[in-house]
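As C-alpha cells, the structure follows; a few thoughts come after it.
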Amino acid sequence: MKKVFKLFVDFDKEERWLNSMAAKGQLLAKAGLLYSFTPIVPGSAVVRIDYRPSMSADDFDDYRSLFWDAGWQHLSGSRSSGNQYFASTGGDENAEIFSEAGSKAQRYRRAIRVSSAVVFPFLVVTFVLFSSGSAMIKTLFSPGNWYLTPGIWEKEGGELLGAFLFETPFVALRVGGPILLIAAVFVMLAMIAYQSFRYRRAIRDSTAV
Amino acid sequence: MALIQPAHGYAIMARVETMSDDAVRLAPGTLYGALENLVKQKLITRVADADPRRKVYQITELGYQTLAQDAERMAHLVRVFERTQGGIEK
C-alpha cells in the first residue's frame, strides 16, 4: 500500500491530484494528512470530493446510500471529517457528483462556515491577549527578556551554555505557546481567505452566461 | 414536483429524469444539498419508512401551494407571451 504526505485547501486541486494518481493505477483508500492508496487498473476510476459538516449517524448512512445508489463508492471520510471522497468505476471519466456548478461551489461555503467557527475562539483569545497588554505578549516582542536567569548574557563558556540549555525548554514553553497560537490563527485565516476567493470565483463562473 | 408521491434519494433522481424526458439528470451531491434546503424551507418533509438507511421525503402543504403558485405564474407568462407574439405577426 502506497502512502503519500500532502496538504490541500483547494478541493479542485485535490481532486485533480487524486485523479492523476488513479490514472497511474493508485486509487485513494484513506485520506488525511497521509493519503494511502490501493492498486487498481490505471484509469478505471474517477474520484470526486464533497464537503459536509458533521452528520448524525443516520444522516451519514442516508448520505452514503444516496451516493451508492447513484453509482458512487464511498472511499474515505468519517461523520465529522468534513471531506468525503467518492469513486465511480462506471467508466465515464467525466462523471460528476454535482450536476450544477452552483451546488459544487457550495462545498467551499460549507467548509468556510466550519473553519470560521473553529477559528473564532482562537481569534478571541489572541485578541484578548493583545488588548489586555499582557506580560506574555510584551515578552514575545522583546527577545532580550526571554531568558530569566539573572545576568545570563554576562556569563561565559560552560556556565553560559549550561544556563542556556537549562532554561531553553522553559523559554520554549513560555514564548512558543503564544507564537504557536498566533501562527495557527494566521494559517487558519489565510485558509479561510483562500477558500472564500475560490468560492466567489466558482459562483461567478457558475452564473456567467 | 417529484415528491408529490413520497420517495427516497435515488428514486427522486430516477423520477426527475423520467419526468423531464431525460433532460435533467441530478447528481447525488447536488440532490443532497437541494433536499437539505427544501427541508429547511419546509417545502418538503421527511416521512417514516422501513429502510433506516434511506430517508424518504414528501411535499408539504406549503410546498404544494408554492408549486401551484409557481405553475400559475408560468402559465400567466406563457399567455402573455402568446398574446404578444400574435401582435407581432399582425
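The values are calculated or read from the model by the stated rules, or taken from the named source; none is laboratory data. Quantities reported herein were computed from a predicted structural model and do not represent experimental measurements. All Cβ positions, glycine included, derive from the backbone under ideal geometry; neighbour counts span all protein chains shown. For the accessible areas, the whole protein counts, side chains as well, though only heavy atoms, and no ligand, DNA or RNA atoms are used. Shrake-Rupley method; radii C 1.70, N 1.55, O 1.52, S 1.80 Å.
Couple of notes before you dig in:
- Set side by side, the residues A:Ser54, A:Ser80, A:Ser65 differ, and just one is in contact with a Lys or Arg (Cβ under 8 Å, 6 or more places away or on another chain), among the small types (Gly, Ala, Ser), at pLDDT below 90 and loosely packed, with under 15 Cβ neighbours inside 10 Å, which is A:Ser54.
- For first residues located in the range B:25-53 and free of Cβ contacts under 8 Å to residues at least 40 places away in the same chain and within 11 Å of chain A (Cβ to nearest Cβ), partners that are hydroxyl-bearing (Ser, Thr, Tyr) and open to solvent by 40 Å² or more (accessible area, probe 1.4 Å) and lie 6+ apart or on another chain with Cβ distances below 7 Å form the pairs B:Arg25/A:Ser99; B:Leu26/A:Ser99; B:Ala27/A:Ser99; B:Thr30/A:Ser99.
- Condition met for A:Arg110 (surrounded by fewer than 18 Cβ atoms within 10 Å (Cβ to Cβ), in contact with a strand residue (DSSP E or B) (Cβ under 7 Å, 6 or more places away or on another chain) and basic (Lys, Arg)): yes
- Filter pass, A:Thr207 being open to solvent by 80 Å² or more (accessible area, probe 1.4 Å), in contact (Cβ under 8 Å) with a residue 40 or more places away in the chain and of a type in the set (Ser, Thr, Tyr): yes
- The condition (being over 30 Å from B:Arg25 (Cβ atoms) and at pLDDT 80 or above) is satisfied by just one residue among A:Phe166, A:Phe141: A:Phe166.
- Failed condition for B:Ala68, given (1) surrounded by 13 or more Cβ atoms within 10 Å (Cβ to Cβ); (2) within 15 Å of the chain's Cα centre (by Cα): (1)
- On the stretch given as the range B:48-61, residues that are among the aliphatic types (A, V, I, L, M), under 18 Å from A:Ser56 (Cβ atoms) and over 17 Å from the mean Cα position of the chain (by Cα) total 1.
- The C-beta contact set for the range A:46-61 (first residue more than 9 Å from every other protein chain (Cβ to nearest Cβ), second residue open to solvent by 20 Å² or more (accessible area, probe 1.4 Å) and in a loop (DSSP other than H, G, I, E, B), distance under 7 angstrom, 6+ apart or interchain) comprises A:Val46/A:Glu93; A:Ser54/A:Arg79; A:Ser54/A:Ser80; A:Met55/A:Arg79; A:Ala57/A:Arg79; A:Phe60/A:Arg79.
- The range B:33-76, residues that are in contact with a helix residue (DSSP H, G or I) (Cβ under 6 Å, 6 or more places away or on another chain) and in a helix (DSSP H, G or I): B:Gly33
- The listed residue being within 14 Å of chain B (Cβ to nearest Cβ) and either loosely packed, with under 14 Cβ neighbours inside 10 Å or in a helix (DSSP H, G or I) (or both), out of A:Ser103, A:Ser115: A:Ser103
- One residue from A:Met1, A:Met21 being in contact with a strand residue (DSSP E or B) (Cβ under 8 Å, 6 or more places away or on another chain), open to solvent by 40 Å² or more (accessible area, probe 1.4 Å) and among the hydrophobic types (A, V, I, L, M, F, W, C): A:Met1
- Spans of strands (runs of 3 or more DSSP E) in the range A:1-53 with at least 3 residues out of contact with any helix residue (DSSP H, G or I) (no Cβ under 7 Å at 6 or more places or on another chain), under 26 Å from A:Arg110 (Cα atoms) and among the small types (Gly, Ala, Ser): none
- Complete set of residues in the range A:5-18 that are of a type in the set (Lys, Arg) and either open to solvent by less than 40 Å² (accessible area, probe 1.4 Å) or over 22 Å from A:Gly91 (Cα atoms) (or both): A:Lys6
- Selection from the range A:142-151 of residues that are under 23 Å from A:Ile179 (Cα atoms) and either over 39 Å from the mean Cα position of the chain (by Cα) or open to solvent by 90 Å² or more (accessible area, probe 1.4 Å) (or both): A:Asn145, A:Leu148, A:Thr149
- Checking each residue in the range A:20-43 for being out of contact with any Lys or Arg (no Cβ under 9 Å at 6 or more places or on another chain) and over 14 Å from A:Leu75 (Cβ atoms) picks out A:Ser20, A:Ala23, A:Lys24, A:Gly25, A:Val41.
- Members of the range B:6-16 found to be open to solvent by less than 80 Å² (accessible area, probe 1.4 Å) and within 11 Å of chain A (Cβ to nearest Cβ), listed by number: B:His8, B:Gly9, B:Ala11, B:Ile12, B:Met13, B:Ala14, B:Val16
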